[in-house]
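Notes follow the structure.
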Amino acid sequence: MLSKFSSLRVLVIDDMGAMRSAIKVQLAEMDIVNVDQVGNAEDALRMVESRVEYDVIFCDYNLNRATSGQQFLEYLKSMDLLPARTVFIMVTAEAEYGAVVSAAEFQPDDYLLKPFTAVKIRSRLERLIDKRDALQNLLLCMAKKDFDGAVAESDKLIKANSKWLMDALRRKGEALLRLGRHEEAAAVFGSALAMRGDLGWARLGTARAYFAQGRLGEAEKIANDVLESNGAFVLAYDLLAEIAEDAGNAALAIDQLEQASTVVPSARRFRLLAEAAYRLSRFDIARSAFEFAIRRTKGSITAQETDYLLLAQTHVEAGNPKLAFQVLEAGEEAFGDAGLFGRGQASVKAQAFLKEDNVAAAKKMLVRAGNLLAHPGANLETVLMGKALLASGEKEEGLKFMEEALRKKSGIRMIESVAKSALAERIGGA
Amino acid sequence: MDDKLTAAVVHDMKNALGVLEGQLATLSHTYPEIGAPYALCASLRQKLIGFLTLYKGHMVARVSDVCPEDFLLEARDLAVLPQDPPSIEVEISPGTPLIWFFDERLIQLALEAAIQNALHFAKERIVLKARKEGDFLVFSVWDDGPGLGAEKGALSTGLGTELCRAIAAAHVRSGLKGHITLENAGEGGALFEMWLP
């Protein structure tokens, strides 16, 4: 008879062929034969994008290439490429476990410590698949951003008082925050805290709810308390930075994000720091943080064109058009002149030409940017276009782009905040 | 020898044992007589992990919600058994909560040490139990062996007990601290308990 695992589709990612084979043999002992194996994150990404959804991914933390297992997981999660039903298991060496866990902003479903036996894999999979099946509807709603559905699904689990109660409370709180039902969210996080007062996610969820209600002092106090008990809880730094940024305290906002990037020195962390520094016109910090993010992801699937565009934009606004051109050249080499990068770079180049007093070239670039950007929306290209138009004196047109970027409430701080401050300047200047 | 070097040496030994353990595990599928050396190798490596965990000093418990029953069932399944092993039963007392909060990896390390010890002395039975006791969840490991003070084979170094004590103590909640007890059970045999707030 085949085991209940036999229908599972599994992907094994490890740079060591021997390790891949060992896992494959162990899986075969459990009748799992539908196993793909790859040696690096790039190939893994191709598999994830091209194949039917995997049930389980075993990914080695240390892939010895441009992209580590952790970066790969972060990439999948931030790009919404990881299906809700896929169980992601990070494989690490015993010795690196402590460091891996405390520096992991995006948590896998589980960690598997090497060396492990077939028995260990089996018992882990039993529990993880059991959990996945129980939470399936809830996770699907969250993935589809159907937050009303997620609240309803969480309620079912909460009512059943299952062993997944905490998962249900956590998701319900997150969904309520996304729905703008902040008071209810605070109550849900509160009920989790009544069971265990030191749960970081529940304390921070409460702080988020307070922040959204304008109860800044309380939100700030909780976030600070969370950090005092666990300095690696970087999401608390994010909240503190947002509170400081909204209060106009640029130095404090940047300080918080710098601390977070020390705790978790990931490209994403430096990107968040760089973006905040740019918004707050701390161009020197923005520059070095963007440069770090670019260096960190160079040659990896996790490289992002927005890093190049924003670094170039930072150079333009700091008065260094030459450096901006250099960055854009490097960006074009990595991403080509099509897509987001192509659309964005025309607008940045237009501004760089203006800084060099080359009005004719700037005009030409602006026309090109306009042709490429058929549908302005809540995205970076639209904001950059708005900036280019404003810089070239086409105020009304530029502000229209900024309004367009704000129309669909994207919740993306980088876009909303830049657009808002451009519009605020108009009011201030009028 | 300085601390870093000690840790590095033990670490290398542990890794080498890991490789050996893997090979013995594979061999033991075909040759049952390899079962005993495999179990010995696994338990040695476990001891070194315990040593390193203790040696690093300050222990931080990363607490999350865990189902005690699932946890004990897994601990039972993961035990590396000697030849002619005693039976290992799992009992969940009425009133035990469906979830409790603790560092699963650390507590697993501690229980593994306790189970290994029980396997050493048990005649026919080992019972793993979970129960609620006031503000604590109590995991216990009972064996039907000769009880405390008995010597069998090599003398214990006390490492296992020290490790369990440190792991329990790393679990703290509103003024309550985890702790362990080790005593002779009323019905005979040795009883190890881990109290988690």
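The values are calculated or read from the model by the stated rules, or taken from the named source; none is laboratory data. All values derive from a computational prediction rather than experimental measurement. Neighbour counts are summed over all protein chains in view; Cβ atoms, including those assigned to glycine, are modelled from backbone coordinates with ideal geometry. Surface areas here come from the heavy atoms of the whole protein model, side chains and all, with no ligands, DNA or RNA. Shrake-Rupley method; radii C 1.70, N 1.55, O 1.52, S 1.80 Å.
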Discussion item. I need the full set of residues from region A:64-74 which are farther than 11 Å from residue A:89 by Cβ and in contact with a strand residue (DSSP E or B) (Cβ under 7 Å, 6 or more places away or on another chain), in order please.
Written reply: A:72
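Out of all the residues in region A:151-170, which are within 19 Å of residue B:100 (Cα to Cα), open to solvent by 30 Å² or more (accessible area, probe 1.4 Å) and away from chain B (no Cβ under 11 Å)?
Residues of region A:151-170 that are within 19 Å of residue B:100 (Cα to Cα), as a first pass: A:157-170.
Restricting the remaining residues to those that are open to solvent by 30 Å² or more (accessible area, probe 1.4 Å) gives A:158-161, A:163-164, A:170.
Within region A:151-170, A:158, A:159 qualify.
Given the criteria in contact (Cβ under 8 Å) with a residue 40 or more places away in the chain, open to solvent by less than 40 Å² (accessible area, probe 1.4 Å) and assigned to a helix (DSSP H, G or I), does residue B:7 qualify?
Details: in contact (Cβ under 8 Å) with a residue 40 or more places away in the chain: yes; open to solvent by less than 40 Å² (accessible area, probe 1.4 Å): yes; assigned to a helix (DSSP H, G or I): yes.
Criteria met by residue B:7.
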Worksheet item: Only one of these conditions is not met by residue B:67: (1) at pLDDT 85 or above; (2) over 19 Å from residue B:131 (Cα atoms). Which number is it?
Response: (2)
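State yes or no: is residue B:44 touching a helix residue (DSSP H, G or I) at 6+ places or on another chain (Cβ under 8 Å) and more than 11 Å from chain A (Cβ to nearest Cβ)?
On the way: touching a helix residue (DSSP H, G or I) at 6+ places or on another chain (Cβ under 8 Å): yes; more than 11 Å from chain A (Cβ to nearest Cβ): yes.
The answer is yes for residue B:44.
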Worksheet item: Taking residue B:163 and the conditions (1) at pLDDT below 95; (2) assigned to a strand (DSSP E or B); (3) within 30 Å of residue A:195 (Cα to Cα), which numbered condition does it fall short on, given that it satisfies the others?
Response: (2)
Discussion item. I'd like the full set of residues that are open to solvent by 10 Å² or more (accessible area, probe 1.4 Å) and in contact (Cβ under 8 Å) with a residue 24 or more places away in the chain, limited to region A:200-213.
Written reply: A:200, A:201, A:204, A:208, A:210, A:211, A:212, A:213
Worksheet item: When residue A:358 is evaluated against the numbered criteria (1) farther than 23 Å from residue A:281 by Cα; (2) touching a Ser or Thr at 6+ places or on another chain (Cβ under 9 Å), which criterion, by number, is the only one it fails?
Response: (2)
Worksheet item: Of the conditions (1) at pLDDT below 90; (2) open to solvent by less than 50 Å² (accessible area, probe 1.4 Å); (3) under 22 Å from residue A:143 (Cβ atoms), residue A:78 fails just one. Which one is it?
Response: (2)
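For region A:60-77, does any single residue satisfy the condition of being within 13 Å of another protein chain (Cβ to nearest Cβ), closer than 22 Å to residue B:11 by Cα, among the aromatic types (Phe, Trp, Tyr) and under 24 Å from the mean Cα position of the chain (by Cα)?
Just the residues of region A:60-77 that are within 13 Å of another protein chain (Cβ to nearest Cβ), to begin with: none.
Checking region A:60-77: not a single residue is within 13 Å of another protein chain (Cβ to nearest Cβ), closer than 22 Å to residue B:11 by Cα, among the aromatic types (Phe, Trp, Tyr) and under 24 Å from the mean Cα position of the chain (by Cα).
From A:226, A:188, A:234, grab the single residue that is at pLDDT 95 or above and β-branched (Val, Ile, Thr). Don't jump to the end; show me each part of the working.
Working: A:226 fails: at pLDDT 95 or above; A:234 fails: at pLDDT 95 or above.
Answer to the check: A:188.
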Worksheet item: What are the pairs, 6+ residues apart or on separate chains, where a residue within region A:175-195 that is assigned by TED's automatic domain parsing to the domain that holds residue A:214 has its Cβ under 6 Å from a residue that is open to solvent by 80 Å² or more (accessible area, probe 1.4 Å)?
Response: A:176/A:184
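Look through B:56, B:14 and report the one residue that is surrounded by 18 or more Cβ atoms within 10 Å (Cβ to Cβ) and modelled with pLDDT under 85.
B:14
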Worksheet item: Wholly within region A:1-85, which strands (runs of 3 or more DSSP E) include no fewer than the required count, namely at least 3 residues that are without any contact (Cβ under 8 Å) to a residue 40 or more places away in the chain and assigned by TED's automatic domain parsing to the domain that holds residue A:121?
Response: A:35-38
Worksheet entry | Residues of region B:61-83 that turn out to be more than 8 Å from chain A (Cβ to nearest Cβ) and open to solvent by 60 Å² or more (accessible area, probe 1.4 Å), as a count | 4
